[in-house]
Amino acid sequence: MMDLWQLKIFCKVVELQSFSKAADAVHLSQPTVSSHIKDLEDHFATQLIDRMSRKVYPTRAGELLYDYARRLLSLRDKAESAMAEFTGKIRGEISIGGSTIPAGYILPQVIGQFSNAYPDVRISLVVGDTSEILAKTADGHLELSIVGAVSKERSLDQTKLISDDMVLVVQRHHRWSDRESIKLAELTKEPFIIREEGSGTLKSIEHALNQKDLTVNDLNVVAVMGSTEAVRQGIISNAGVSILSAIAVAEACRSGTLKTLKIEGLQLNRSFYLTTHRQRSLSPLSRTFIEFLHRTMQGSILER
């Protein structure tokens, strides 16, 4: 007999592409997870998972079941949060997406405060670059997310949540470290580290450069890195300079490890956006979190 617990395990196996990782996620042994998947396959009389050497993938039947399983689990979560709201108790599970900066420097603080206020709520934070998080929100994997770029996807609804300054970041011993600003022409000659394609940081840099009839190709790019932390470490190691979120480098600047400068004539302001699906109804729990998020952002130390 199929039950929701088995479907949750099945979804974890598909999403994590691993029996062992799924077992860790649901706090079961790997043989137990394998047994639940076998029970589902017996129930439907078809193979649901292709077991490769290192990763597992859903079969065509598995893909079909995964789509329905996600919807059933989402409906269960909404039912639980609706009943909890009706009885005056906020409880349940919620998955929130965050691109690199929000997930690393904004959401952890908010989630911590929310967990203290609502201890019966379990929050999963899904981290990825802006493109990945927008895609997961658009296809229903995430009910809400925070990203650093405006999406062209019409199915998504975005609300400005917080403003951020993008700044030129250099190592403390860099020859520019005692300056307040540089000219754009100077930057084009300096070794430059950029984020990977799909990141909100890169999109913001590209947009700012386009206003000056320039592109990233006009910079002296020496490295492409997959995270803000990797770029920070590259700057500290004197591999080059970069443009990063002021929020992301605030602590390093206070400690004196890094220095920020302005680039004359280059507008580097950007915003982070609360993103939801325009055609999907938010669960009561998601609405509670969003209300809490807005209250936290008002007057928060994150508001710059």
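The values are calculated or read from the model by the stated rules, or taken from the named source; none is laboratory data. What you see is a predicted model; the values in this text were computed from it and never measured. Cβ: placed from backbone, ideal geometry, glycine included. Neighbour counts: every protein chain shown. The accessibility values were calculated without ligands, DNA or RNA, using every heavy atom of the protein model including side chains. Shrake-Rupley method; radii C 1.70, N 1.55, O 1.52, S 1.80 Å.
Structure above, values below:
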read-out	value
Reachable lysines, given that their alpha-carbon falls under 22 Å from the alpha-carbon of Lys152 and they are not under 8 places away in the same chain	Lys136, Lys160, Lys203
Rg to Rh, two decimals, where the stretch 125-249 supplies the alpha carbon set and Rh follows Kirkwood	1.00
Accessible-area value, Leu28, 1.4 Å probe, nucleic acids and ligands omitted, Å²	50
Net lengthening on full extension, Met2/Asp120 (0.36 nm per residue, minus Cα-Cα)	39.8 nm
Convex hull of Cα atoms in the stretch 20-179, direction-averaged projection (nm²)	15.3
Normalised convex hull volume, the stretch 188-304, alpha-carbon set, Å³ per residue	148
Surface accessible to a 1.4 Å probe, per residue, for the residues of the stretch 190-293, Å²	45
Accessible area of the chain belonging to carbon and sulfur atoms, whole % at 1.4 Å probe	49
Mean residue ellipticity (222 nm) of the chain, computed from DSSP H runs ≥ 4 via -39,500 (n - 2.57), nearest 500	-13500 deg cm²/dmol
Residue-normalised accessible area of the stretch 19-86, given per residue in Å² at a 1.4 Å probe	65
Once the Cα gyration tensor of the stretch 1-99 is diagonalised, semi-axes √(5λ) in Å	26, 15, 13
Angle in degrees between helix 284-297 and the longest Cα principal axis of the chain, rounded to the nearest 10	20
Loop-located trypsin sites (Lys or Arg not before Pro) in the stretch 18-70, at most 16 other Cβ atoms within 10 Å (DSSP)	Arg54, Lys55
Taking the C-alpha atoms of the chain, convex hull volume expressed per residue in Å³	163
